[in-house]
Amino acid sequence: MPTEIQRPKVSVVMSVYNGEPYLSEAIESILNQTFTDFEFLIINDGSTDSSSDIILSYNDPRIRPIDNEANLGLPVSLNKGIRLAKGEYIARQDADDVSLPERLELQASELDVHSSVGVVGCWWHGIDLDGRIFDEVTVPTEGQLLLQRMLNDGLNPSPHGSMMMRKKVVNYVGGYDERFWFTQDFDLWLRMWPHTDFVVFPSFLYQLRKLPRENRFKELCQAKYF
């Protein structure tokens, strides 16, 4: 059994709202990483399903469960997790996605070696409800091409849940803007961009689950924010 780490290199931060169907898979994808110097902050954001029971069923000292009495939304929950995080680096993880085993190791190594880099993404697979891969997405690995992808096409460097960041840079720009219920990651990257370098690790380290549902409200908000 892993022992609790007092000052971990990485703090993995995940917010969960009614994430029952895929939550165990997401949690285990972090617990099974080749890199072990991490803590795992899981914020239960007022879930009404069995998410809390699932989180508490894991007897792993690296997990730090945090409960919101009501659903506060993703940016509020993530800021709460970042404030409580002890690690030098913040790794995101979404509650319905999967991190492949070497993700944390390779991203942390990138930050260790390159002091100018403050944010690391990766290439990713698109997976369906059953975890079957239906897409492989590669993007530019660094520099202006990533910025152009954001400004011209409205596309993130890589999925929000796949990113690892230096905590000091996140704090410097004030964390997530809590006005943005959606697209809070896009806003954060734009505010961080003048202060640090972004890279994307050229390997498939994350699996982004695409659920067959439409959310017109989300689409309208994203368009307005953009």
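The values are calculated or read from the model by the stated rules, or taken from the named source; none is laboratory data. Just so it is clear, the model here is predicted, and its values are computed rather than measured. Here the Cβ positions follow ideal geometry from the backbone for every residue, glycine too, while neighbour counts run over all protein chains shown. Keep in mind that these areas ignore ligands, DNA and RNA; they rest on the heavy atoms of the full protein, side chains included. Shrake-Rupley method; radii C 1.70, N 1.55, O 1.52, S 1.80 Å.
Among the residues that make up region 3-10, is at least one of them out of contact with any Lys or Arg (no Cβ under 9 Å at 6 or more places or on another chain) and either closer than 25 Å to K167 by Cα or assigned to a strand (DSSP E or B) (or both)?
Within region 3-10, the first condition is being out of contact with any Lys or Arg (no Cβ under 9 Å at 6 or more places or on another chain), and the residues that meet it are 9-10.
Still in the running and either closer than 25 Å to K167 by Cα or assigned to a strand (DSSP E or B) (or both): 9-10.
Checked against the condition, which is being out of contact with any Lys or Arg (no Cβ under 9 Å at 6 or more places or on another chain) and either closer than 25 Å to K167 by Cα or assigned to a strand (DSSP E or B) (or both), region 3-10 yields at least one hit.
Looking at region 96-132, which of the residues that are open to solvent by less than 10 Å² (accessible area, probe 1.4 Å) and among the charged types (D, E, K, R) is farthest from the chain's Cα centre (by Cα)?
Across region 96-132, the extreme among qualifying residues is R103.
Based on what the data block shows, is S24 over 28 Å from V173 (Cα atoms) and open to solvent by less than 10 Å² (accessible area, probe 1.4 Å)?
no
With (1) buried (at least 20 other Cβ atoms within 10 Å of the Cβ); (2) polar (S, T, N, Q); (3) at positive phi as the list, and N18 as the residue in question, which single condition is left unmet?
With respect to (1) buried (at least 20 other Cβ atoms within 10 Å of the Cβ); (2) polar (S, T, N, Q); (3) at positive phi, N18 is out only on (1).
Here's a check for you: in region 15-51, which residue that is among the small types (G, A, S) and more than 17 Å from the chain's Cα centre (by Cα) is farthest from I82 (Cα to Cα)?
Looking at the filtered set, the residue picked out is S50.
Quick check on my filter: what residues within region 137-184 are part of a helix (DSSP H, G or I) and at pLDDT below 95?
Q144, L145, L146, L147, Q148, R149, M150, L151, N152, D153, Q184
Quick one: what pairs do we get from region 31-42, first residue open to solvent by less than 40 Å² (accessible area, probe 1.4 Å), second part of a loop (DSSP other than H, G, I, E, B) and at pLDDT below 95, C-beta under 9 Å, 6+ apart or different chains?
What qualifies is L31/P2; F38/I5; E39/E4; E39/I5.
Of the residues S203, S158, only one is in contact with a Cys (Cβ under 7 Å, 6 or more places away or on another chain), under 18 Å from V10 (Cβ atoms) and open to solvent by 30 Å² or more (accessible area, probe 1.4 Å); which?
Being in contact with a Cys (Cβ under 7 Å, 6 or more places away or on another chain), under 18 Å from V10 (Cβ atoms) and open to solvent by 30 Å² or more (accessible area, probe 1.4 Å) holds for just one of S203, S158, which is S203.
Which condition from (1) open to solvent by 50 Å² or more (accessible area, probe 1.4 Å); (2) touching a helix residue (DSSP H, G or I) at 6+ places or on another chain (Cβ under 8 Å) is the one that D135 breaks?
Looking at each condition in turn, D135 falls short on (2).
For residues in region 64-85 being buried (at least 19 other Cβ atoms within 10 Å of the Cβ) and touching a helix residue (DSSP H, G or I) at 6+ places or on another chain (Cβ under 7 Å), which is farthest from Q184 (Cα to Cα)?
A85
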